[in-house]
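Contents: one structure, followed by commentary.
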Amino acid sequence: MEHIPVMPNEVTEYLNIRENGIYIDCTFGSGGHSQNILNALSQKGRLISIDWDEETVKNNGPKFSGYENFTLICDNFADIRNIVEKLKIERIDGILFDLGFSSQQIEDKERGFSFLGESPLDMRYSKDNPLTAQILLNSYPQDYLENMLKNYSQERFSKSITKGIIGYRNAKKIETTKELVEIIRRATPSWYHHRHIHFATKTFQALRMAVNSEIENIENGVKSAIDLISSRGRVAVISFHSMEHRSVKNIFRQAKQDNLVKPVVKKPILPSENEINTNPRARSAQMRIVEKI
């Protein structure tokens with residue numbers, strides 16, 4: 001399945017792209033947003049794209065080999081400050097974060113992101129990350145697991161799912177996504193299994209976020225972006241669930257109080273009904289944009 005970028009027209013519009021500007025796409029993914037930004041730039045403009053996932057860079061980078069004003073870097077966007085210093089970039093007109101993960105990652109059976117089918121419990125964006133979902137599930141204490149489910153995904157059955165994980169791992173190591181889904185099934189009531197959202201969604205979301213330190217990386221990356229962006233430059237962040245929404249909202253609010261930025265729009269920008277119909281994964285997306293003072 002081809003990954004469709006969320007709110008592509010809104011990103012181009014609200015980043016206020018200048019044809020000779022310098023932009024950073026912190027979440028390259030399949031390259032959808034990067035392509036749209038490049039389309040709006042002249043040869044004097046420049047785009048630097050970042051992605052932490054080696055497979056994503058390897059699979060999607062070659063499509064952009066014809067652009068002389070494009071640089072793709074495999075790194076964590078939390079390190080954006082070091083990336084900018086290494087590239088000796090002195091001016092940045094816009095920085096984009098799209099915090100969703102791609103269809104390609106979900107569909108790669110070796111990555112363990114999907115609760116459909118049977119895969120190893122990995123869930124890492126980068127192989128350099130020593131922590132996998134399997135290590136976390138089998139070795140972290142009960143209170144950590146319960147708080148992870150509660151805080152990262154508001155899982156209402158966090159206590160019973162955690163008890164199920166502990167009980168299972170005391171008898172046998174949890175190794176596959178199929179085993180984890182079965183643990184969640186047994187730990188939750190039958191009505192929970194027949195809702196619109198799959199009953200394992202929140203557990204898998206929380207695990208993915210914990211394995212990849214997503215909230216910490218968002219805070220480091222977005223705060224650094226606000227520091228690095230030039231005057232009148234814009235930072236846009238597309239978030240997908242309540243923990244991300246709250247984190248980005250708080251970062252922008254604090255930056256506004258510190259007189260570093262002003263909001264471009266007062267309320268988050270949401271995808272249109274038409275976009276949600278053609279790309280259901282966009283339904284929970286919210287975009288927030290600030291401009292450097």
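Each reported figure results from applying straightforward, stated rules to the coordinates on display, with no laboratory input. Note that this is a predicted model, so its numbers are computed, not measured. So basically every Cβ, Gly included, is an ideal-geometry build from the backbone, and we count neighbours across all protein chains shown.
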Next on the checklist: Please report the equivalent ellipsoid semi-axes of the stretch 204-287, computed as sqrt(5 x eigenvalue) of the Cα gyration tensor, largest first, in whole Å.
Outcome noted: 23, 19, 10
Next on the checklist: Tell me whether the stretch 1-57 comes out rounded, prolate or oblate; compute the Cα gyration tensor, take square roots of the eigenvalues as a ≥ b ≥ c, and use a/c under 1.5 as the rounded threshold.
Outcome noted: oblate
Checklist entry - Mind checking the alpha-carbon convex hull of the chain and giving the volume per residue in Å³? => result 133 Å³
Next on the checklist: Could you tell me what a quarter of the Cα convex hull surface of the stretch 130-211 works out to, in nm² with one decimal place?
Outcome noted: 4.9 nm²
Checklist outcome for this item: The long-range amide H neighbours of I92, using H built 1.01 Å from N in the peptide plane and a cut-off of under 5 Å, are S230
Next on the checklist: Between helix 158-171 and the chain, what is the angle of the helix's C-alpha long axis to the longest principal axis, kept within 0 to 90° and rounded to the nearest 10?
Outcome noted: 60 degrees
Next on the checklist: Can you give me the long-range amide H partners of S49? Hydrogens built in the peptide plane at 1.01 Å from N, cutoff under 5 Å, separation of 5 or more residues or another chain.
Outcome noted: D25, T71, L72, I73
Item to check | Gap separating the Cα centres of the stretch 81-98 and the stretch 130-186, nearest whole Å | outcome: 38 Å
Checklist entry - So for E275, E85, fewest C-beta neighbours within 10 Å to most, what's the order? => result E85, E275
Checklist entry - Which whole-number percentage describes the relative contact order of the chain, with Cα contacts under 8 Å and a sequence gap of 6 or more? => result 19 percent
Checklist entry - Of the listed peptides 257-265, 116-124, what is their order by residue-averaged count of other C-beta atoms within 10 Å, with the highest listed first? => result 116-124, 257-265
